Amino acid sequence: MQKGISNTWLGIGALVVLVLIVGMYVVGITNGEVKLDNDVRAQFANIETQYQRRFDLIPNLVNTVQGVAGFEQETLTELTRLRSQWQTAPTSDAKVQAANQLESTISKLLLITENYPQLQATQSFQDLMVQLEGTENRISVERTRYNDKAREYNTYIKVFPNSIFLGGKTEKPYFQAAAGAENPPVVPTDFTP
């Protein structure tokens with residue numbers, strides 16, 4: 001009788017140990033996912049900081065460029081609209097879309113300004129261009145870092161056995177070039193410098 005009781009207790013003990021091991025493993029997987037998710041969010045916040053820097057430069061750029069008579073108002077209006085759209089965007093994806101649209105508009109603006117030698121010669125415009133170039137470089141670096149964190153997170157939630165325990169998690173989106181980025185911006189030809 002005693003041997004039967006000890007085998008029962010041994011079986012129960014083994015089952016408890018197995019459940020504890022599996023439970024600790026699941027907790028480890030869940031904690032790993034939380035850490036990686038926070039890393040991705042922190043890196044996206046770094047991108048937003050650089051976007052904010054870029055958007056803070058835009059009013060100064062618009063004011064400087066507006067000083068040139070006859071400058072294309074449509075591009076300046078679009079820059080202002082996109083800045084407002086980014087600031088009021090309800091989601092990260094909406095902010096990314098506004099930022100991507102802004103990039104093509106800034107490219108167009110920079111191409112147009114090349115036709116205004118008096119604008120190119122002003123110190124305030126030159127200073128803004130240096131600041132904008134530095135900001136664009138920072139954005140590029142932060143986007144690359146974000147994509148690395150997103151790839152790490154996406155891999156983590158998809159590998160076996162993590163995918164079993166984290167099956168409901170959604171992949172983090174990557175920053176990609178905007179559609180049409182391979183084409184240079186179109187500069188209107190109906191303006192006179």
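Structure above, values below:
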{"item": "0 to 90° range, to nearest 10: angle between helix 2-66 axis and the chain longest Cα axis", "result": "0 degrees"}
{"item": "Cα long-axis angle, helix 92-113 against the chain (0 to 90 degrees, to the nearest 10)", "result": "30 degrees"}
{"item": "Above-threshold pairs, the threshold being 19 Å between Cα atoms, out of 95/169; 35/149; 108/172; 149/169", "result": "95/169; 108/172"}
{"item": "Mean Cα-pair separation over length for the chain, i.e. relative contact order, pairs under 8 Å, 6 or more apart, %", "result": "31 percent"}
{"item": "Which label in [x] 26.8, 104; [y] 16.1, 50; [z] 16.8, 52 gives the computed Rg and Dmax of the Cα atoms in Å", "result": "[x]"}
{"item": "Acute angle (nearest 10 degrees) that the helix 73-87 long axis makes with the longest principal axis of the chain, alpha-carbon atoms", "result": "20 degrees"}
{"item": "Computed lengthening from residue 37 to residue 94, 0.36 nm per intervening residue step minus Cα-Cα distance", "result": "18.6 nm"}
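We did not get these values from a lab; they are worked out from the coordinates using the rules stated. As the structure is a prediction and not an experimental result, all values here were calculated from the model.
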